Every structure is written in structure tokens, then in C-alpha cells.
Amino acid sequence: MIKILIVDDEPLARLRLRALLVEIGIGEVVGEASNGREAVTIVNLCHPDIVLLDIRMPGMDGMEAARQISHLSPIPALIFTTAYGDHALEAFDQKAIDYLMKPIRRDRLEQALIRAKTLLNIEDDVNQPSFSPLKTKARSHISVKVRDELRMIPVIEIQYCSADQKYVVLHWTQGEALIGETLKELEQEFSGQFLRIHRGTLVAIVQISGLVKDQEGRHLIKLRTSNKLLEVSRRHLPTVRKVLKDMRLPCAI
């Protein structure tokens, strides 16, 4: 069972999250914290899989807690829950799975939990998506050369991968980089994390915000951290629709 930690300085907010988690039926609450310092302590002791983390709290706030949690092992998936929208970019810098605005809607929380399950390769018998991740261990970082400098790109920051003749271009939150691997190799290694939407395109599942249709009738994937729209081929459209339906994401007909 997925272990979840709720962190919020408001008792009523914690109570509401508990109630929503019971309704959704994904995971069990293993603890609550009212500030960032308590959160770091509980993460260190209980090793939750997912942390629902408020931002503005007395003492240590959610952002500082996230920074400290990132140095622990294993690192849980972070889902920020806040009444303020001005910390979204900073939240994704902390490798957040999602950024939920209060009042938290059940469908948005459920989407975030399913994304976290997919990323963490966690399976259970409740609301199991049709795309089950492979059991093999995938890399957490990909080594690339950027301006003659070797860099390690966190897989969680990759938005999508596109074919470019003999190479593959990784599009991530801070730019682009060429690698010598094929899309097929990446698709096999990161099954359950990336979705093939076109012969030349793989998209990070956690980056998908929905499927839209333009005036020309093309189906396009919308990304959460980019304005780029990615075309879905007719061949891959049925699979894409099924995955998005499983994730409760908007899906154009």
C-alpha cells in the first residue's frame, strides 16, 4: 500500500485531505505534520512514498522542507498543496510531481497520486492504470554533453524526447541536449514513465496535462511545464487516449 504523509499547518486542511484520500482509495496516511521541520523528521522515520506538502507554514516552510527532504533516502514524491500560485516554478525546481491549488479538488488530487504511482513504479489493486511499468531498474539521470560540459539531466525534468536523424533530442526544463541513444531504447528502459505519441516522439507521462484538437483536426498533447504542443499520430492515438483516460486527464474526441 502507498504510504502518504500530509503536511499542513491548518488542522481542517489536513482533515479534508484525509477525507479525499479515503474517497479516492489510493494509499494510506502514515502521518501528519504541521510544519516543515516536523515533515522532515517524519519522512526520515516513516519513509512515506508520497508527501502532500503545504508551502506557507510557520517556522520551516514547505520549500525549505522539500530541499531538506531531497537529501534523504529514499526520496518521496512531492505534491505541493497551497492557496498561493506564486511558487509553482520553484515547486517544479524541487522536482514536484504536481502543484495543487486550494481548495483541493478530488479529481486533481487523484490525477497527482496516479502520476506519483507511475513515477515511483508502485502498483496496487486499486485504480491500477492499464500501462503497468516494467520491474527493471531505470536510470534516474541521463548523461549528456552541453557546451563541452558533461551534465547529468534528471529524468523527472525531461519533458519529451524527439528523433533527429541519427540522434535523439532530450527536451527538458532548462533546454535541449543530443544523446546517442534511440527512442526505442529509451521507450524500453523508461516504460511506464514515457509514452510514445508519434514515431518520432516520446513524452514524459508526468508532464502531460491533456489532449486537445486543433482546427485542422490534429490531436495535440499539452504539457504542464511548456507551451509546446506535440502532435499525436493516428497510429498511436488509441493508446494515448486510453492512458489519459486512466489518468483522468482531459482528452479531446
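The values are calculated or read from the model by the stated rules, or taken from the named source; none is laboratory data. Please read all numbers here as calculations on a predicted model, not as lab measurements. No Cβ is skipped: glycine too gets one built from the backbone with ideal geometry, and neighbour counts run over all protein chains shown. Surface accessibility is based on the protein's heavy atoms, side chains included, excluding ligands, DNA and RNA. Shrake-Rupley method; radii C 1.70, N 1.55, O 1.52, S 1.80 Å.
Structure data summary
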| read-out | value |
| --- | --- |
| Dipole magnitude of the chain about its Cα centre (Cβ charges: Lys, Arg +1; Asp, Glu -1), debye to nearest 20 | 900 |
| Percent antiparallel among DSSP beta bridges (both partners in the chain, rounded to 5) | 65 |
| Computed helical MRE - 222 nm, the chain, DSSP H runs ≥ 4 contributing -39500 (n - 2.57), nearest 500 | -8500 deg cm²/dmol |
| Projected-area average for segment 38-124 over all orientations - Cα convex hull basis, square nanometres | 5.7 |
| Heavy atoms of Asp86 accessible to a 1.4 Å probe, total area in Å² rounded to 10 | 100 |
| Sparse-neighbour loop sites [chymotrypsin sites (Phe, Trp or Tyr not before Pro); segment 163-253; at most 10 other C-beta within 10 Å; DSSP] | none |
| Area accessible to solvent at Ser140, 1.4 Å probe radius, in Å² | 80 |
| Estimated FRET transfer efficiency when R0 is 41 angstrom, pair Glu64-Glu216 (beta carbons, to 0.05) | 0.30 |
| Distance between segment 24-42 and segment 185-235 - C-alpha centres, whole angstrom | 33 |
| Angle in degrees between helix 36-46 and the longest Cα principal axis of the chain, rounded to the nearest 10 | 80 |
| Rounded to 10°, Cα long-axis angle of helix 106-120 versus longest principal axis of the chain | 70 |
| Signed unit charges on C-beta, dipole axis of the chain, positive-most listed residue Ser143, Ser162, Ser233 | Ser233 |
| Compactness relative to 2.2 N^0.38 Å, alpha carbon Rg of segment 1-51 | 1.06 |
